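Input: a single structure, listed below in structure tokens.
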């Protein structure tokens with residue numbers, strides 16, 4: 001079953017966005033992430049930042065890319081909820097860490113932070129609504 005089809009069949013709150021909205025939103029966000037996280041990678045490669053500054057960006061990408069397989073292949077709502085908390089936490093950590101060095105990287109990722117914050121609340125709501133009694 002495709003991701004959009006599965007999302008359609010989940011019990012969701014009335015305020016959940018339609019499945020067609022996720023593609024365009026993530027397309028824009030991934031462009032912003034590629035530009036900004038790519039710049040952070042460049043800073044690390046040129047020794048302008050330490051591995052400790054790069055770490056939350058790398059972890060964020062890992063947790064971000066794990067979400068879809070956890071949610072839609074494994075269909076594990078609880079693990080997906082844990083994962084999205086890790087996405088949110090590593091994103092905040094990354095933005096706070098990079099702010100004094102390249103503030104534009106932090107600012108360009110505010111839409112990503114807003115979407116992940118919304119998605120976190122949505123995920124916890126879907127998890128609760130789809131809990132097997």
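Scan the range 41-68 for residues that are at pLDDT 95 or above and under 26 Å from residue 129 (Cα atoms) and the total you get is 5. Taking (1) out of contact with any helix residue (DSSP H, G or I) (no Cβ under 6 Å at 6 or more places or on another chain); (2) at pLDDT 95 or above; (3) over 14 Å from residue 32 (Cβ atoms) in turn, residue 81 satisfies each apart from (1). Every test in (1) modelled with pLDDT of 95 or more; (2) part of a helix (DSSP H, G or I); (3) crowded, with 18+ Cβ neighbours inside 10 Å; (4) more than 12 Å from the chain's Cα centre (by Cα) is passed by residue 122 save one, and that test is (3).
The values are calculated or read from the model by the stated rules, or taken from the named source; none is laboratory data. Just so it is clear, the model here is predicted, and its values are computed rather than measured. Cβ: placed from backbone, ideal geometry, glycine included. Neighbour counts: every protein chain shown.
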